[in-house]
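Before any comments, here is the structure.
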Amino acid sequence: MKAIEVENVTFAYGKNLILENVNFSVEEGDFLALIGPNGGGKTTLLKVLVGLLKPQEGSVKIFGERVPNKKNLVGYVPQNTNANVEFPITVAQCVATGKYGLMADSAEVSALLARVGMAGFETRRLGALSGGQRQRVLVARALAAKPKILFLDEPSSSMDAAGQASLFNLLAELNAEMTIVLVSHDLMALSKHVKSVACVNGCVHFHGGNGLNGDVLHEAYGCDMELITHGMMAHRVLSTHDHTHCHEHSAELHAHCHHEHHHHEHDAHG
């Protein structure tokens, strides 16, 4: 069954065109990574899929239901900006906000925390947790409504390598029960878990299968990049795709990509 169907979606902020004529579908049970350069439209696309933004053209369906709808089919974990971390709320209170009528001291909240490896943290203040722990709490909050799809925007942005690996292992476990869609730059941590990849850079090119390799990175970021890893990593070579029908994002994205490439190259040799 199709979990997500996107047809002819175009979105702009005023006159600034972000997404143009986007078409793809995602099967139920998929683990999809949205990758691409900053400014390419990844977060915008995620918000369109969830229903937080309405496209000027086209439509999105979640399990056959047009977005937005009143059914609790999706869970959403927004990007962690570390804002308001001092707000006086406990872990249990945070999780309880994920479903109307859910009480912070309920067994259901404790079960949700246990599911994400945070049992016993109910009374801890949210701001006192590490970035990785807070993200697990936010995942528990998103799971409160029993979604069929979990959307996450840069969920590992505030974590170290161990925290990233732990979170993605958790998401892989959840993927046995639900479809996962996330935006991420942590390509190496993701590589063994994702089933599909969507390259987002104004337009969207969808690839089924684990395709995090040099070809798909070039297609997503518009410049030559190498995927460097230690040890063995199984991979599948993707066919190339044509970007000529995508709208031009100007030289800014390519300049950013060129800058990022040399920045990472400097870090690698530093």
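The values are calculated or read from the model by the stated rules, or taken from the named source; none is laboratory data. Bear in mind that the values here come from a model prediction, so they are computed numbers and not experimental data. Here the Cβ positions follow ideal geometry from the backbone for every residue, glycine too, while neighbour counts run over all protein chains shown.
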Residue 161 vs (1) in the same structural domain as residue 187 (by TED's automatic domain parsing); (2) over 24 Å from residue 181 (Cβ atoms): all pass except (2)
Subset of the stretch 1-51, residues of a type in the set (Lys, Arg) and either assigned to a loop (DSSP other than H, G, I, E, B) or within 24 Å of residue 185 (Cβ to Cβ) (or both), comes to 15, 42, 47
Residues in the stretch 165-185 that are crowded, with 20+ Cβ neighbours inside 10 Å and at pLDDT below 90 total 3
Output for Cβ contacts, cut-off 6 Å, separation at least six or different chains, first residue assigned by TED's automatic domain parsing to the domain that holds residue 152 in the stretch 16-31, second of a type in the set (S, T, N, Q) and outside any strand (DSSP E or B), reads 18/44; 31/175
- Task: Can you confirm whether the stretch 102-111 contains a residue that is touching a residue at least 60 places away in the same chain (Cβ under 8 Å) and buried (at least 17 other Cβ atoms within 10 Å of the Cβ)?
- Result: no
Looking across the stretch 117-164 at residues that are over 13 Å from the mean Cα position of the chain (by Cα) and on the phi > 0 side of the Ramachandran plot, the single one that is surrounded by the most Cβ atoms within 10 Å (Cβ to Cβ) is 117
Considering every residue within the stretch 87-106, establish whether at least one is among the acidic types (Asp, Glu), part of a strand (DSSP E or B), modelled with pLDDT of 90 or more and over 18 Å from residue 151 (Cα atoms). no
